[in-house]
Amino acid sequence: MSHPISRREFIRKGSKGMIATALIPYFFKADPIHAFTIAGDGAQNLQHYYNHFGVDEKLIRQVMDEALSRGGDYCDLYFEHKVSQHIGLEDNDVNRAYSNVDFGVGIRVLKGDQTGYSFTEEITPKAMKQAARTAANIANGSANVTPQELKLREHPNYYPIKTPWEMVKIDAKIPYLQTINSRVFELDPRVIKCNVYFSNGTAMILIATSEGVVTFDYKPMGQLGVSCTAEQNGQREQNGFNLSGRRGIEFFTPENVERIATESVTRTVALFDAVKPEAGEMEVVLSAGSSGILLHEAIGHGMEADFNRKQVSIFSDKINKPVAEKFVTIVDDGTNPNIRGSINVDDEGNPTQKTYLVNNGILESYLHDRISSQYYNVAPTGSGRRQSFRHVPMPRMRNTYMLPGPHTRDEIIKSVKNGLLAEDFTNGQVAIGAGDFTFYVKSGYLIQNGELTKPVKDVNIIGNGPQVLKDIVMVANDFEMTEGGWTCGKNGQSVPVSMGLPTVKVSKITVGGVNS
Amino acid sequence: MKNKSKADLAQWAMEYTIKCGADEVAVSLSNSREIEIEFREQKLEKVKESTQNALSLNIYTQKRFSSHSTNDLRKDALKSFIEEAVASTKYLTADEFRTLPDPKLYPKDMEKDLHIFDNGYDKIESPDRVKIAQAIEAAAMAQSDQIISTTAGYSDGMYESVKVHSNGFLGESRSTSFWAGAEATVKDGDSGRPADWFYAGVRYHADLPSPAALGQEAVKRALRKVGQRKINSGRYTMIVENRSAARLLNMLISPMSARSIQQKRSFLDGMLDQKIASDKLTIIDDPFVEKGFSSRFFDSEGIATRHRVIIEKGVLRQYLIDNYYGRKLGLEPNSGSATNVMLDYGDQSLDELIKGVDKGILVTSFIGGNSNSTTGDFSFGIVGQFIENGTLVHAVNEMNISGNGKSFFNQLSAVGNDPYPYSSWRMASLQFDDVEFSGL
């Protein structure tokens with residue numbers, strides 16, 4: 001049910017609410033390797049996707065005829081088959097497994113910037129035509145567009161993996177959880193509880209448009225993470241760490257498994273000594289990596305062109321204007337190898353790209369879907385994404401990051417008189433129109449006279465997007481992309497994203513704390 | 001049995017799962033229909049119609065547990081799905097606490113009408129839906145010449161489910177819901193484009209407020225934000241408007257779960273029958289509220305819901321105990337989730353509360369922020385109005401509140417008389433003294 005709260009734009013970390021499994025999915029069984037090897041003979045692979053969904057070009061064009069029968073000027077079909085699996089360890093045992101299978105086709109009809117949408121979970125000619133007729137009703141005339149002959153649009157693969165998840169049985173995953181659990185308890189005697197989870201998913205998608213584009217993608221995702229609780233003198237603290245990406249099981253090397261265990265323990269026990277900072281505005285240094293959450297909230301959402309088309313974004317009138325110092329360049333990129341927010345093709349069938357939001361301080365491009373790129377008469381940026389076949393595509397971020405700048409991390413920290421170093425984050429949110437954005441700092445440090453002093457925890461930071469861009473006064477050369485499992489929510493739809501940042505200094509921003 | 005074909009399929013899935021080797025199984029089968037309409041610039045922006053199905057299985061075999069769901073209900077597909085689900089469960093570690101709930105916990109009587117299904121649902125035609133959205137947009141646009149954009153929305157849905165457990169539970173539920181309202185963005189000089197929304201949600205179509213009221217309220221709320229700015233950091237009295245107060249109360253409800261207690265992630269661990277909040281706070285979980293958004297006879301595990309006082313005049317009276325973590329803790333399960341969350345309401349309206357404040361902030365929404373259920377620490381961004389001498393002076397934004405849930409609820413000094421009707425958490429406006437605000 002659409003609920004107003006779900007319309008808010010936010011981002012969150014971790015795997016909460018993720019449904020998943022322990023199966024070799026039956027529907028991939030027939031020919032998993034074929035589905036997996038999208039490189040090679042494109043036409044042959046397309047045939048495989050047609051067979052998988054039990055459709056062919058003739059049927060697709062018949063469904064499109066129905067979809068355009070009321071005078072719509074464009075339609076597309078989005079077939080999806082997705083299996084998610086999740087296993088969890090708690091109280092030393094791998095004692096839970098979850099799986100979810102999702103199968104269906106979404107049919108979208110556009111008339112100018114108006115959208116008609118329907119979907120069906122039964123991929124039969126009858127059900128698809130019925131859904132097409134429902135979506136067709138966004139228009140109220142008679143057919144004037146004929147669906148074009150379908151031509152395969154091929155694209156590079158930005159997420160090659162060695163072993164498809166369909167080939168990994170539950171018993172192969174269990175030892176990863178047990179190893180991490182043992183390490184976590186070994187690493188620090190103060191640990192009293194440890195939860196480990198392993199999630200993976202595979203989606204096969206097939207997209208066909210009335211303009212004659214047909215394309216497909218095979219989208220893997222893996223995530224391994226820990227949450228632990230430690231106790232010292234009656235005080236308890238909880239924290240965690242996870243690695244996620246469009247990866248196969250080979251990504252979870254012994255080194256990465258060790259890193260997950262170590263980071264989760266280090267980050268938890270560090271909180272015992274943490275304090276609350278003074279309330280109010282101060283200098284804030286953002287550590288390289290997941291601090292990219294700043295960009296996601298301060299500018300990323302505001303650059304999604306649906307908001308600008310409706311003039312409701314604070315960035316609506318700022319294209320080609322200076323918005324930041326010259327050393328600030330911010331991109332949204334779908335091409336980073338195996339990174340969580342990467343996409344080979346967007347959910348409207350357009351190739352992905354690296355889009356410059358801010359180039360040397362100048363606001364350069366919005367993120368477009370089909371509707372907005374037509375409205376602005378620009379080329380699509382490959383940013384039309386959707387949660388599933390149940391949802392309409394919208395302009396969304398992929399991996400949002402800032403390119404390295406001229407300063408060093410040491411220089412930046414030394415330059416701070418009284419401020420905060422923000423290191424680890426859990427979630428953020430933005431009000432698109434007013435530009436207020438927040439992000440929640442799980443841990444960091446106070447900086448006094450150029451030195452890191454006490455650790456801090458559980459602090460919300462709030463600022464205004466355009467103002468904070470202006471207030472980015474230093475950018476270091478130590479860029480890092482975050483590898484955690486970030487999920488972005490917008491209008492009730494969740495999509496995986498990532499982000500990155502070099503160490504950055506913001507001259508002033510409001511930090512939640514205590515008043516002396 | 002109201003829905004025979006669905007019950008038959010659930011029964012078949014249950015029997016087949018047992019045949020495949022499971023000791024026990026819980027099957028849930030649901031279907032829903034939803035229609036959503038958005039109206040903008042005097043035309044339809046979006047129409048979406050959908051029907052969906054879902055089947056889920058909780059499998060218990062040799063004390064091992066797994067849970068699986070699918071939307072592919074073709075019998076052949078379901079057979080393979082069930083076979084693999086059962087087979088994969090065997091790889092897990094046995095856990096003595098994994099069983100279906102004791103049948104004595106299942107509800108005895110499910111006959112009362114909770115009034116959560118509108119029999120008129122089928123008679124609503126699509127043009128009626130469009131007309132409502134259109135009228136809301138027109139009312140919103142007529143409200144002010146400062147509007148940059150407004151999108152009106154209408155949606156309705158029907159949800160049905162059947163639940164069958166191999167140890168003797170059979171439950172059905174059926175509900176409808178209707179939502180309508182708008183979002184509005186307004187001009188504010190060069191300093192941003194404040195936006196707000198107002199949506200009402202009800203179980204019966206006839207209970208929706210008039211389109212005019214919905215459109216006007218959304219615009220009124222957006223206009224109220226014009227000129228928003230932050231003020232000095234400090235300790236102020238805070239009034240939280242009813243529709244946003246659930247965010248705060250959730251800081252108390254979430255650590256009450258048996259899982260949080262058993263996993264030592266709750267700052268309420270060991271606090272049963274102790275004072276954790278001011279006398280003004282009484283929280284009641286009432287599953288039988290007529291037309292309530294969470295009204296139900298049984299929870300997701302089939303356990304009978306019950307009317308219960310969770311916090312009584314500031315004293316914690318109950319944890320929320322599900323089947324598995326209840327067994328782990330050696331506590332009798334009482335349903336692990338809250339339903340309709342009600343308060344012991346006060347006698348002052350929001351306006352009266354505001355009149356009583358010398359210097360404070362009315363929080364109309366939270367933005368971002370989080371709370372830590374293990375330690376109680378919290379910090380949230382806020383948007384609202386600055387109150388001086390009992391009147392609203394100007395809009396505020398870009399500020400945070402911070403504190404710790406262990407002590408924060410002792411600062412609750414008044415509960416309003418205005419339960420928010422469009423949510424299962426019927427929060428009233430709440431007043432807290434000496435709250436840490438950070439701004440300038």
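Start at zero, step by 10 Å, and the Cα-Cα distances of the range B:234-438 spread as 9, 34, 35, 16, 4, 0 percent across the bins.
Can you classify the range B:116-230 as rounded, prolate or oblate using the Cα gyration tensor, where a ≥ b ≥ c are the square roots of its eigenvalues, rounded means a/c under 1.5, and otherwise it's prolate if a/b beats b/c and oblate if not? Walk me through the intermediate numbers first.
Details: a/c = 4.04, a/b = 2.12, b/c = 1.90.
Prolate is the answer for the range B:116-230, as a/c is 1.5 or above and a/b outweighs b/c.
Kirkwood-type hydrodynamic radius, the range A:403-516: 15.3 Å, calculated from all non-identical alpha-carbon pairs. Entry note, chain A: the mean residue ellipticity at 222 nm calculated from DSSP H runs of n ≥ 4, each adding -39500 (n - 2.57), is -5500 deg cm²/dmol after division by the residues and rounding to the nearest 500. The overall shape of the range A:189-302 is oblate: from the C-alpha gyration tensor, with semi-axes ordered a ≥ b ≥ c, the ratio a/c is 1.5 or greater and a/b is no larger than b/c.
Projected label points at residue A:44 and residue A:453, each 7 Å from Cα along the beta carbon direction, are separated by 6.8 nanometres.
Across the range A:280-511, the mean sequence separation of Cα contacts (distance under 8 Å, 6 or more residues apart), normalised by length, yields a relative contact order of 31 percent. Counting only lysines at least 8 places from residue B:90 when in the same chain, those with an alpha carbon closer than 19 Å to its own are A:169, A:173, B:19, B:63, B:79.
Computed extension length for residue A:56-residue A:408: 121.1 nm, one decimal, from 0.36 nm per residue of separation with the Cα-Cα distance subtracted. Go ahead and collect, in residue order, the members of the range A:263-294 whose backbone nitrogen is under 16 Å from a label point 7 Å along the Cα-Cβ direction of residue B:232. Output list for this probe position: A:279-281. The mean of 1/r over all distinct Cα pairs in the range B:386-440, once inverted, gives the Kirkwood hydrodynamic radius of 13.5 Å.
Evaluated at q = 0.06, 0.08 Å⁻¹, the base-10 log of the normalised Debye intensity for the protein assembly as shown, with identical point scatterers placed on the Cα atoms, takes the values -0.40, -0.76.
The range A:248-305 and the range B:399-436 have Cα centres separated by 30 Å.
For residue A:91 and residue B:19, FRET efficiency with R0 = 35 Å and r from the beta-carbon atoms, rounded to 0.05? Display every interim value, and only then the final one.
On the way: r = 31 Å, r/R0 = 0.90.
Computed FRET efficiency for residue B:19 and residue A:91 comes out at 0.65.
The Rg/Rh ratio for chain A, using Cα coordinates for both the radius of gyration and the Kirkwood hydrodynamic radius, is 0.99.
For the range A:152-166 versus the range A:307-334, the inter-centroid distance based on Cα atoms is 32 Å. Placing one equal scatterer on every Cα of the range A:4-273 and applying the Debye formula, the log10 ratio I(q)/I(0) at q = 0.08, 0.12 Å⁻¹ is -0.45, -0.82.
Taking a 27 Å limit on the Cα-Cα distance, which of the listed pairs A:219/B:43; A:326/A:508; A:321/A:354; A:321/B:187; A:457/A:508 fall beyond it? Could you put the intermediate results ahead of the total?
Numbers: A:219/B:43 37 Å; A:326/A:508 19 Å; A:321/A:354 20 Å; A:321/B:187 20 Å; A:457/A:508 19 Å.
Going by Cα-Cα distance, A:219/B:43 fall outside the 27 Å limit.
Rounded to the nearest 20, the size of the Cβ-charge dipole of chain A about its Cα centre is 740 debye, with Lys and Arg at +1 and Asp and Glu at -1. Projected label points at residue B:275 and residue B:291, each 7 Å from Cα along the beta carbon direction, are separated by 3.9 nanometres. Restricting the GluC sites (Glu not before Pro) of the range B:43-99 to loop positions (DSSP other than H, G, I, E, B) with no more than 10 neighbouring Cβ atoms within 10 Å leaves B:96. Taking all Cα pairs closer than 8 Å and separated by 6 or more residues, the relative contact order of chain B comes to 15 percent. Counting Cα-Cα pairs of the range B:176-216 in 5 Å increments starting at 0 gives whole-percent bin shares of 5, 23, 23, 16, 12, 9, 6, 4, 1.
Positive-end ranking of B:293, A:316, B:408 along the dipole of the protein assembly as shown, with charges on Cβ about the Cα centre, is headed by B:293.
Over the range B:70-134, the fraction of Cα-Cα pairs per 5 Å bin, rounded to whole percents and listed from the shortest bin up, is 3, 10, 9, 9, 8, 14, 15, 12, 9, 7, 4, 1. Label zone (residue B:392, point 7 Å along Cα-to-C-beta; backbone nitrogen cut-off 16 Å) within the range B:410-440: B:429-430. Ignoring aspartates and glutamates fewer than eight residues from residue B:313 along the same chain, the ones with Cα atoms less than 13 angstrom from its Cα are B:273, B:279, B:344. Here the extension length gained between residue B:93 and residue B:300 equals 72.1 nm, from 0.36 nm per residue of separation less the Cα-Cα distance.
Compactness of the range B:307-352, taken as the C-alpha radius of gyration over 2.2 N^0.38 Å, stands at 1.56. Legend: distances between Cα atoms for B:359/B:406; A:310/A:470; A:276/B:406; A:111/A:318; pairs beyond 22 Å are B:359/B:406; A:310/A:470; A:111/A:318.
If you wrap the range B:336-422's Cα atoms in a convex hull and average its projection over all directions, what's the area in nm²?
Values: hull surface 28.2 nm².
One quarter of the hull surface, i.e. the mean projection, equals 7.1 nm².
Separation of the range B:210-274 and the range A:77-105, taken as the distance between their Cα centroids, equals 32 angstrom. Rounded to the nearest 0.05, the FRET efficiency derived from the C-beta distance between residue A:163 and residue B:131 at R0 = 45 Å is 0.25. As an exercise, use a Förster radius of 22 Å and the Cβ-Cβ distance of residue A:73 and residue B:213 to find the FRET efficiency, rounded to the nearest 0.05. With a Förster radius of 22 Å, E is 0.05. Taking the Cα atoms of the range A:280-511, the ratio Rg/Rh between the radius of gyration and the Kirkwood radius comes to 0.97.
When Rg and the Kirkwood Rh are both derived from Cα coordinates, the Rg/Rh ratio for the range B:17-134 amounts to 1.16.
None of the figures in this text is laboratory data; all of them are computed from the coordinates on show. Everything numeric in this text was worked out from a predicted model, so none of it was measured. Cβ atoms come from the backbone with ideal geometry, glycine included; neighbour counts cover every protein chain shown.
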